[in-house]
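Take a look at the structure below.
The values are calculated or read from the model by the stated rules, or taken from the named source; none is laboratory data. Everything numeric in this text was worked out from a predicted model, so none of it was measured. Heads up, the Cβs are rebuilt from the backbone with ideal geometry, glycines too, and the neighbour counts pull from every protein chain shown.
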Amino acid sequence: MTTIALPSYDDAIGRYEPVIGLETHVELGTNTKMFCGCPTGFGAEPNTQVCPVCLGLPGSLPVANRAGIEATIRIGLALNCDIASWCRMARKNYFYPDMPKNFQTSQYDEPLCTDGYVDVDVDGETVRVGIERVHLEEDTGKTLHVGGATGRIHGATESLVDYNRAGIPLVEIVTKPVTGTGARAPEVARAYVTELRDIIRSLGVSDVRMEQGSLRCDVNTSLNLPGAEWGTRTETKNVNSLRSVERAVRSEIIRQAALLDGGGSILQETRHFQEDTGDTRSGRSKETATDYRYFPEPDLVPIAPDPEWVARLRAELPEKPSVRYARLREAWGIGELDMQSVVNAGAVELIERTIAAGASPAGARKWWMGELARRANETGTDLADVGATPAQVAELQHLVDTGKLNDKLARAVLEGVVAGEGDPTAVMDARGLGVVSDSGALTAAVDEAIAANPDIAAKIRDGKVAAAGALVGSVMKATRGQADAKAVRELILERLSG
Amino acid sequence: MSAISREEVAHLARLSRLAVTEEELDRFAGQLDVILQSVARVGEVTAEDIPPTSHSVPLTNVYRDDVVQPCLTPDEVLAGAPDQAEGRFRVPRILDEEE
């Protein structure tokens, strides 16, 4: 294979116009699967969350989960879609062991939601991304390929299948082709997936975590000469982070431009994004066109959402995330980047509730984005499950604000709270972590420090107030950090003045 | 005229991952033809005002609540598996498709 010299991105995008399209799968956070009552918890032992329905055993019959239908309609409404007044599920037939039934229950020509849009902000400009359809289907099982050297399917001699995931409700969201974005196509793709993730998170229907696979994205890209017809598109899979969405579009634009420059043509194929290099590699192209032989699912009756139900769901939609973030950003007095970090950490709700419990915006944000975020990262848990509640964080900050704890002690108290030792005040008392406020003990410690450091004391007496820092440190050490540094400093200056 | 060609039978066999011999292609084409012709007779009585029927019962919106029900035990689950390993179904590797 000959290597073609790649043009720079600016070069490529200067000569061609990109058309992109995104297909996103969202695993819903329902308690049970879409068509049976099996639980959906992540990380269970293999094949412990399956039953005759999701195994497709003879005689079993599926019944749709109302919560899954409702979540799909709410997603459709939040994306400004029309909701079908009547539609059916369909069987997508294919031969692959990730579905024991040999078909996936999906939707075909009658999706539940159609024709919507999402407005995304790219560099302060609004770009409207059209939504073609939102439909409901079920997730597949997980296959593990063994026997090969790499664990990949190539060279594997057999596959081991776990059907715990098979049947979990999955919502597929397909955009219309996005044109006219020019050089900003990669940023638009990323901004769209970000906005989509935030909207779905605000609905509370999925935890939308790309790294855990509850939000998955396929990116279609094609190039054409200005004014010409759209080019052949490729579909890039394995795009597992927001950053990867942007990189995948970018590298595919460069790769396709190089091929077209050399007089070549683009093969319509599935490509796989490579996280390490940032480029895409060809999957095996299929010899024959896929033929899924879709037909209406006979075991599930049609879905005909009651207009009153849909109207109520529409009325109950939460505030749009972008609007909400702008409002909170202003109220909290922070910049856009800081707000984005808060959003990415899943801390918006927690900080809001901490403020509602009496903390200042800065105090609330400090704990959630500092100590607690670090801890959540280390233990691989959600911030919400890190072990502290908004009320406890507010109480902690109150203890700091009223001088009962200094910053260092507050961290130790928080550690106790997270360890389940109780509320901050209780932890402070039980561990004896309160700031030494007994003026007698503090004065004694200050006098001791002055006596032990006559040189420094002399400097301070001469007006070199900055030297007090050394004495403060000495007192803090003597009180094992349990004094309020500011109070110590004042006391030192007071003892040495006059 | 036959409703299904030999090539179509070969295509269906490929989709179903069935190894069908040349001789079987002819035989199945004939058999499937009888089935399809029989089904096609339904078309003779369809009328303009009757929409295609996918469901024989006039029901819509049959749902269940999102409440967990008991699952099968791992032994029950794997009882019907042709082979198993590590609590999983063991199947031959799949040649034609990439995940």
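Summary table below
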quantity: Residue match in the range A:348-369 (condition: within 14 Å of chain B (Cβ to nearest Cβ) and among the polar types (S, T, N, Q)); calculated: no
quantity: Breaking point among (1) in a loop (DSSP other than H, G, I, E, B); (2) hydrophobic (A, V, I, L, M, F, W, C); (3) out of contact with any Gly (no Cβ under 8 Å at 6 or more places or on another chain), for A:ALA185; calculated: (1)
quantity: Some residue of the range B:45-67 being of a type in the set (Gly, Ala, Ser), more than 7 Å from every other protein chain (Cβ to nearest Cβ) and within 27 Å of A:VAL301 (Cβ to Cβ); calculated: yes
quantity: Residue within the range A:73-84 that is of a type outside the set (Asp, Glu), under 23 Å from A:ARG293 (Cβ atoms) and more than 9 Å from chain B (Cβ to nearest Cβ) present; calculated: yes
quantity: Test: A:THR194 is touching a strand residue (DSSP E or B) at 6+ places or on another chain (Cβ under 8 Å) and more than 24 Å from B:PRO74 (Cβ to Cβ); calculated: yes
quantity: Qualifying residue in the range A:374-395 (condition: over 26 Å from the mean Cα position of the chain (by Cα) and either in the same structural domain as A:GLY346 (by TED's automatic domain parsing) or in a helix (DSSP H, G or I) (or both)); calculated: yes
quantity: Single residue of the range A:13-57 satisfying the filter (within 10 Å of another protein chain (Cβ to nearest Cβ) and not in a loop (DSSP other than H, G, I, E, B)) that is farthest from A:THR194 (Cα to Cα); calculated: A:PRO39
quantity: Residue that is surrounded by fewer than 23 Cβ atoms within 10 Å (Cβ to Cβ), β-branched (Val, Ile, Thr) and assigned by TED's automatic domain parsing to the domain that holds A:MET34, where the choices are A:ILE168, A:ILE173, A:ILE75, A:ILE69; calculated: A:ILE69
quantity: Number of the condition not met by A:VAL193 [criteria: (1) buried (at least 23 other Cβ atoms within 10 Å of the Cβ); (2) touching a helix residue (DSSP H, G or I) at 6+ places or on another chain (Cβ under 8 Å); (3) within 30 Å of A:LEU55 (Cβ to Cβ)]; calculated: (3)
quantity: Restricting the range A:449-481 to residues that are outside any helix (DSSP H, G or I) and among the small types (Gly, Ala, Ser), the residue that is surrounded by the fewest Cβ atoms within 10 Å (Cβ to Cβ); calculated: A:GLY463
quantity: All positions within the range A:421-461 that are among the hydroxyl-bearing types (Ser, Thr, Tyr) and modelled with pLDDT of 85 or more; calculated: A:THR425
quantity: For A:SER60: the one exception among (1) assigned to a loop (DSSP other than H, G, I, E, B); (2) out of contact with any Pro (no Cβ under 6 Å at 6 or more places or on another chain); (3) surrounded by fewer than 20 Cβ atoms within 10 Å (Cβ to Cβ); calculated: (2)
quantity: Yes/no for B:LEU36 being in contact with a helix residue (DSSP H, G or I) (Cβ under 9 Å, 6 or more places away or on another chain), in contact (Cβ under 8 Å) with a residue 12 or more places away in the chain, away from chain A (no Cβ under 12 Å) and assigned to a helix (DSSP H, G or I); calculated: no
quantity: Residue that is nearest to the chain's Cα centre (by Cα), among those in the range B:11-33 that are within 14 Å of another protein chain (Cβ to nearest Cβ) and exposed (fewer than 15 other Cβ atoms within 10 Å of the Cβ); calculated: B:SER16
quantity: Restricting the range B:74-99 to residues that are under 20 Å from A:ILE168 (Cβ atoms) and assigned to a loop (DSSP other than H, G, I, E, B), the residue that is modelled with the lowest pLDDT; calculated: B:GLU99
